[in-house]
Amino acid sequence: MSESSKVDANMLAQNISSNIQRITLLTNEIQQMIYHLGTERDTNELRQRLLQKQQNVNHLAKATDKCMKEFSSLPVTTEQRQRKIQRERLITEFSNALGVFQKTQRAAAKTEKEFVARVRASSRVSAGGTEDPCGGTASPFGSEIQTQGLVEITEEDLQLIQERESSIKQLESDITDINTIFKDLAVLVHEQGDMIDSIEANVENADVNVQSATQQLSRAADYQKSSRKKICVLIGVAIVVAIIIGLIIWASIKS
């Protein structure tokens, strides 16, 4: 792996880890704030801070998803096994953090829906409470009083309902975004798994080929050594035979 690839991989891994930690911290803060929804501490300031934190987590999740894709698309090397372990760890931590955040968003959406239902129920009760308490004929101005009362209550209730429904839509949108990121992670795991298996297979094949070539070279070297030995033996035998023949010829001449 080149130095630049190592630097890129380390930087991306650090960014991803940092984002995951930030997501986890913000999610814990969001959980604490959700407990106050629908209580005396439920204020516009609380909701603004809650919305800001939710948006921050959503932004961090998308940024981390992008970093994860870049990390997985770095140049492939024979040292991929180590990066695979690191990537799997980051994906697991990221998925766990997203899972907790998504669960928190769903809890917030449920709380908001319950609040909207209570407001609507309260409005219906208020509408029924303007009837003549004596049970007699209603005053000629009864319908006007009732209408005025409903208009006043409905305006306030509608504002609350609209705010909560807007919050619910945003929560559902965030949940959808997280689902998309989960799908991206699943694709990365599948693609990278196949790629790494292919790399490892190629490396294994290369090792087998190298071993086979080494064995063939070793056999060739042994054969060459054996041939040299045979040649040396033959030369030696030829020399001995030549000496014997020479001695026989010399003895014949001397006689």
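Coordinate-derived values only; no laboratory data. What you see is a predicted model; the values in this text were computed from it and never measured. Neighbour counts are summed over all protein chains in view; Cβ atoms, including those assigned to glycine, are modelled from backbone coordinates with ideal geometry.
Net charge near I181: determine it from the other residues with C-beta under 13 Å of the C-beta of I181, scoring Lys and Arg +1 and Asp and Glu -1. Surrounding charge for I181 is 0.
Full extension of the chain segment joining T24 with T43 gains 4.4 nm, where the gain is 0.36 nm per residue of separation less the Cα-Cα distance. Using r as the Cβ-Cβ distance of Q52 and S17, and R0 as 22 Å, what FRET efficiency do you calculate, to the nearest 0.05? So, using R0 = 22 Å, E works out to roughly 0.40. Binning the alpha carbon pair distances of segment 43-96 at 10 angstrom intervals from zero yields the distribution 20, 36, 22, 14, 7, 1, expressed in whole percent.
My understanding is that a pair violates if its Cα-Cα distance is over 26 Å; which of K66/K103; K69/K169; K84/K183 do that in this structure? As for pairs spanning more than 26 Å Cα to Cα, those are K69/K169. Residue separation of I253 and S166 scaled by 0.36 nm, minus their Cα-Cα distance, works out to 18.4 nm of gained length.
What residues of segment 18-59 lie in the reach of a label at E93, counting those whose backbone N is under 16 Å from a point 7 Å from the Cα along Cα→Cβ? Those under the cut-off are 18-27.
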